Amino acid sequence: MFSIFASSSLRPAPAVNLLSTSKEQVRNAVKKAGGNKQALASKTKLQQKGFRMKKTYEEKGKEKHDGVFYMQPMPSGRFKDPIFDKQRTVQEFPSIRPEELTENLALGTTRSFGPTATTALKAYGVPRNVLVDFRVLSAPGAVVRDATLRLADRLDKAASSSSQSTRLVLTGSGGTGKSYLLLQSLAYAQSTGYIVLYVPRASKLVDSSTPYSYDPRTWTYAQPKYSHQLLHRLLTVNETSLRKLQLSQDLLADDGSVRLAKGSPLTDLIDFGVRDPAMAPSILARVFQELAEQTQFPVMLAIDDFQSLFCHSTLYRNPKYESIKPYHLSLPRLLLDYASKDKSFKRGAVIAAVSGSNTNWPVTLELQEALGLSTPRPVNEYVKRSTDLAHFAEGLENFAVPEQLTVDEAAAMYELWSKDDALHTGSNDELFLSKLAEASGNARKFVWEGLLQTLAT
């Protein structure tokens with residue numbers, strides 16, 4: 001009678017027995033096991049008990065970085081289609097110059113951010129939608145709009161006055177170009193001698209994406225990792241200016257000893273936080289304090305995704321698994337203090353932008369009422385409001401970004417993308433006007449749903 005146990009193909013392979021095999025067989029088996037005789041013995045015991053060992057493969061020919069395996073680029077010989085024969089021309093734009101913006105000479109033209117501002121953007125980062133545009137374009141650039149000139153005028157006035165008089169929030173529907181205007185104002189501020197501090201994604205401060213711990217000294221939850229990154233970026237972008245500033249008071253340790261004497265360069269203070277991430281939240285707060293009291297350089301604080309700081313509850317949780325308020329987190333609280341009337345820079349400005357496309361963090365009622373924005377549904381005095389958030393939003397000025405591009409601005413944008421070989425059909429006035437009308441003047445729709453989709457139409 002046929003038995004399944006009599007079939008040699010279904011029997012488990014005999015394990016290597018170290019006691020009954022010759023020395024040569026043992027030596028070969030140990031060599032296959034990587035030279036570890038003890039590991040081979042344990043593997044043999046597991047196989048005798050019926051366990052099947054999982055074979056491990058070594059990755060070869062791939063570069064490992066932070067747990068991610070990156071593919072090697074495809075050889076150029078594989079690109080045989082004629083479309084790859086055409087070499088792409090990298091566009092070169094003139095940099096943003098202060099005298100051109102103040103005299104309205106650059107209105108309706110494309111300008112790059114300049115080498116200094118480009119270094120700042122690489123250090124701080126940019127919002128995702130702007131990053132995608134920069135990846136598609138051969139070189140980063142932006143069209144100078146009328147709103148750009150108005151922001152430059154406000155920055156000129158803020159350079160000699162307190163930031164209390166210049167607390168602007170760029171508002172408008174999604175795709176109107178608020179993030180680009182914020183980047184242009186940052187580039188202009190840096191070219192005119194400002195110390196710039198930029199937070200491109202404030203939503204990352206409240207979405208529980210960074211470590212946090214409770215600090216009983218400040219009664220807030222410290223965020224050491226992001227504070228450490230912000231200190232490093234601040235030093236990278238503004239090192240020349242920060243080296244000229246000096247501490248106004250001694251930096252004391254917990255035991256009262258002096259860790260850094262009064263009159264030391266501000267860069268030495270930042271180095272403490274860079275070297276020790278655990279100290280970064282307290283060092284960052286002290287750096288803000290020093291920047292607020294000095295009058296040698298104006299300071300610009302730029303924040304994108306600003307509405308996320310006014311959320312009623314963050315994704316962070318306390319030990320009782322209760323939602324932590326944004327003003328109970330160290331970094332959002334620091335930014336809210338200097339964006340509100342509580343604290344200010346003696347010289348400088350605070351310019352923020354709300355995101356209309358980030359539906360996870362919509363504009364709350366407190367911020368809408370402070371900025372005079374229309375609410376999506378009727379509200380009355382019986383609707384519950386947060387007194388703390390209303391306090392932080394008090395006095396903020398609404399800087400409304402136009403919903404539609406002017407014809408000159410749209411023409412400059414059309415020329416920018418057409419010269420960069422983004423159009424798949426012939427360039428003509430009919431195509432320009434039809435795509436502008438289809439987008440209703442919205443900048444993002446004009447590019448992504450109009451010009452870049454000419455192949456489909």
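What follows is calculated from the coordinates using simple rules that are stated; it is not laboratory data. None of the values given here were measured: they were computed from a predicted structure. Don't worry about glycine lacking a Cβ; one is built from the backbone with ideal geometry, like all the others, and counts go over all protein chains shown.
Starting from the amide H of R259, placed 1.01 Å from N in the peptide plane, find each other amide H under 5 Å away whose residue is 5 or more places distant or on another chain.
L251, L252, A253
Distance check, please: which entries in K343/K445; K122/K435; K204/K343; K346/K384; K262/K341; K204/K419 exceed 30 angstrom between their Cα atoms?
Violating the 30 Å Cα-Cα cut-off are K343/K445; K122/K435; K346/K384; K204/K419.
Could you list the square roots of 5 times each eigenvalue of the Cα gyration tensor of region 154-304, that is, the equivalent ellipsoid semi-axes, sorted largest first and rounded to whole Å?
So the equivalent ellipsoid measures 28, 21, 13 Å along its semi-axes.
Arrange W361, W219 by Cβ neighbour counts within 10 Å, fewest through most, would you?
W219, W361
Evaluated at 37 °C with a viscosity of 0.692 mPa s, what Stokes-Einstein diffusion coefficient in µm²/s does region 98-400 have when Rh comes from the Kirkwood expression over alpha-carbon pairs?
The diffusion coefficient I find is 164 µm²/s.
Which aspartates and glutamates does K325 reach when only Cα atoms under 14 Å apart count, and residues fewer than 8 places away in its own chain are ignored?
Those aspartates and glutamates meeting the cut-off are D207, D388.
Looking at region 232-286, which trypsin sites (Lys or Arg not before Pro) are in a loop (DSSP not H, G, I, E or B) and have at most 15 other Cβ atoms within 10 Å?
R243, K244, K262
Evaluate Rg over Rh across region 272-427, taking Cα atoms for both radii and Kirkwood's formula for Rh.
My calculation of the ratio gives 1.07.
If you take the C-alpha gyration tensor of region 407-453, multiply each eigenvalue by 5 and take the square root, what semi-axes do you get, largest first, in whole Å?
Those come to 14, 11, 10 Å.
Can you sort R217, R167 from fewest to most other Cβ atoms within 10 Å of each residue's own Cβ?
R217, R167
If each residue of separation counts as 0.36 nm, what is the full-extension length gain between E394 and E369 once their alpha-carbon separation is subtracted?
Extending this stretch completely gives an extra 8.1 nm.
Compute the relative contact order of region 407-453 as a whole-number percentage, counting only Cα pairs closer than 8 Å that sit 6 or more residues apart in sequence.
Relative contact order here is 39 percent.
Among V401, V350, what is the fewest-to-most ranking by other Cβ atoms within 10 Å?
In increasing order of surrounding Cβ atoms, one gets V401, V350.
For D429 paired with L137, estimate the spin-label separation in nm (one decimal), with each label point 7 Å from Cα along the Cα-to-Cβ line.
2.7
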